[in-house]
Structure formats: C-alpha cells, structure tokens
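Below is one structure; the comments refer to it alone.
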Amino acid sequence: MRFLLDDEQREFARSLDAMLTAADTVAATRAWSVGEHAPGWAVWRRLADAGVFALPVPGEYEGVGPLSVETAVAFVEVGRHAVPGPVVETVAAAALLAHLAEEGEREPAERFLPSLASGAATATLTLPQGGPLALDADAADLILTAADGELRLAPGHARVRRSLDPARRLAAPSPGGELLASGPAVTSAARHATAWAALATAAQSLGVGLALLDRTVAYAKQRTQFGSAIGAFQAVKHRLADVLVRLEFARPLVFGAATTMAPGDIAAAKVTAAESAYGAARAALQLHGAIGYTAEFDLSLWLTKARALRGAWGDPGVWRGRVLAARE
C-alpha cells in the first residue's frame, strides 16, 4: 500500500503552509496564551475558508468528508505553524456527531454539524479516554461531554487552568447540561471521536517536530563556535540526522493510519509521532543552548506544544498498550 500523497493533497498542504505563514500564527498564539482570542480567531477563519473544518463532516451536513487523509495533511500544517485553539477538538466533535447520525441519532448532527463545518462555531469536548479537562472551554461555542453512555452539552466550565503549553488552556466542563443522546450509540461515537482526535494530534505532533527541526537546522547554520558554524560539527549533524530519521519514520505511520483508520494503526501513529516530536524538542533545546529556555524566544511555542501533545488523549504508555492490544 502506498502512503504517498497525491498531487492535489500536496497542493493542499502547500496552500495551507503559505496561508498560515502569512497569518502570523506566532503572534496569534502568544495572544491566545494570555486570553486574547481575536488574532487566533482570525487564523481560525482562514482555516475555515480553506475547508479544514469541513473535512470530517459528511456532505449531507454541508461538509466534504469524511476525508481522514486530508485531515491529517491539514493538521501537519496546523502543528508546523503552532496554530492555537481547539482545532483537534472541533474535528473530534464533528466526527462524534457524524457517527451518532450514522447510528440513528441524527438530531445533534443536524443541529450542530453545519456550523462546525463552516467554521461559524467551535467546539471542545471530553471523552472517556481523554481525561476530565476540556481544551479552551473558555473560548469554544460548544462544550460537549461524553461519559457513561450520555452525550451532554455542558452549561459552562470551571476555573481555567494553564497547562505546560500556555496556549492550551484547560477547564473542567460544568456538570449536567442538556442531554443530546444516550445509549450504546454514544459509546460507539465516543470511540470514533477518540480515533479522529488521536489521528489529528499525531499529525499535529509531526508538524511540530518538523518545525522544530527546521528552526534548529537554521540556527545551527548561523551559530558559530571556534570559528565555524555549529552545524559543521559531526556531533550536531548526527543529532539532527537522528531527529530527521525519527520524523520521517513517523510520517508514513500517520498517513497510513489516516488511510486505514484502524485502531492499531492510529495508536502506532500517535505514539510514534508524539515521541518523535518530543525527541525533536529535546534536541532543539540542547542545540539552541540557554536561549532555548526563554519564553520570549519563539522556539518555546513549539517546545511546550511538543510536550503537551505527547500526553494529549492518553500518554505514550496508553497508546503503546493499544498497539499491543491490536496485534493480539
């Protein structure tokens, strides 16, 4: 099976890269970290105009999907440019609602999916396999909770907590709220949404790792020591080569998982991409030296995101366990 992108998918990636480069996502992420959402929403509208949020939504709900490979393509660029906001969560919520409709619970999909597909509404959610805190609940239009066979629209959220990544603001959804659906269909839809969340996070992690590698290579060419660029030193070359190999090993796993959407493939993609990005972050921090520790240096936006995504939707041990379970 070939996991290479076709010409249209590569052009989609290039167009997103160009669009996000022009959008100054660094400034948007820094503003988002202190609760100023306007620049982030401007980036969000650009993603919506590019059709990113329509990718997991079926055509009957004004989407263009479900297109899992194109979603992975988009989220590599989301990670590469450190886009803030509940982008993964909105895609996962859309996947959950679409799967509910397939199980016969159409009303929530008809009510919410068109606005999610167009980018007019944003969503965050908690799932049984993802922990009790919702990302960016203070900014999202919809806060969904799936637990104990019930899907609810939460009426609000508790105190906002800062995470290791300042741009990832976490809060517990308020208990209760409107009951949207219940029964085995919700349990099945929650598993489906977790798979989409893991895939999008894996692709996002890959993009973060690639950005860290690119920035570190550029720095190694400029930083001099003993009269030479540090990138000329064999130890530095080997460290960066190791990072590249790990990221390039993760890439086909991510797109392979997007092709099959098999649980074992998604688990392998999630753990491999997350660990590769985390390895890229450690190498970037070491090779940048003391400047890499400073929050004012833009590298920090990707360093903290790599660490946060490593544990999102379950830590690496959880996903390794799912790889083994799928093999058995």
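The values are calculated or read from the model by the stated rules, or taken from the named source; none is laboratory data. Nothing here was measured: the structure is a model prediction, and the numbers come from that model. With ideal geometry, Cβ positions are generated from the backbone for all residues, glycine too; neighbour counts draw on all protein chains shown. Side chains are part of the model used for accessible areas, which takes the heavy atoms of the whole protein and leaves out ligands, DNA and RNA. Shrake-Rupley method; radii C 1.70, N 1.55, O 1.52, S 1.80 Å.
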Here the gain from full extension of residue 228 to residue 6, 0.36 nm per residue of separation minus their alpha-carbon distance, amounts to 75.8 nm
Ignoring any ligand, DNA or RNA, what whole percent of the accessible area of segment 7-189 comes from carbon and sulfur when the probe is 1.4 angstrom? 50
Can you spot the lysines whose alpha carbon is less than 20 Å from residue 221's alpha carbon? Ignore those fewer than 8 places along the same chain. 237
Show me, for segment 144-156, the HN-Hα J-couplings you get by feeding each phi into the Karplus relation (A = 6.51, B = -1.76, C = 1.60, θ = phi - 60°), rounded to Hz, glycine and proline as x. 9, 10, 10, 7, 6, x, 10, 10, 10, 9, 5, x, x
Mean Kyte-Doolittle of at least 0.0 plus a Cα span of 15 Å or more along the axis: flag which DSSP H helices in the chain meet both, please. 68-80, 87-102, 184-222, 234-260, 263-288, 299-311
Quick one: putting +1 on the C-beta of Lys and Arg, -1 on the C-beta of Asp and Glu, what dipole do you get for the chain around its Cα centre, in Debye to the nearest 20? 1500
Can you give the extra length, in nm with one decimal, that the chain gains between residue 238 and residue 161 once fully stretched, where that is 0.36 nm per residue apart less the Cα-Cα distance? 23.8 nm
Net lengthening on full extension, residue 141/residue 327 (0.36 nm per residue, minus Cα-Cα): 63.0 nm
Reachable aspartates and glutamates from residue 270, Cα under 20 Å, same-chain residues fewer than 8 places away excluded? 70, 77, 89, 165, 242, 248, 315, 328
For a Förster distance of 56 Å, can you work out the FRET efficiency between the beta-carbons of residue 286 and residue 107, rounded to the nearest 0.05? 0.60
So, for the Cα atoms of segment 7-189, Rg and Dmax in Å stand at 15.9, 47
Per residue convex hull volume, Cα only, segment 196-326, in Å³ is 93
Per residue, in Å², the accessible surface of segment 196-326 once ligands and nucleic acids are set aside, probe 1.4 Å: 43
For 309, 287, the accessible-area ranking with a 1.4 Å probe, largest leading, is 287, 309
Could you provide, to the nearest whole Å², the per residue accessible area of segment 87-168 with probe 1.4 Å? 38
In nanometres, what is the gap between the two model label sites at residue 14 and residue 64, each 7 Å from Cα along Cα-to-Cβ? 1.7
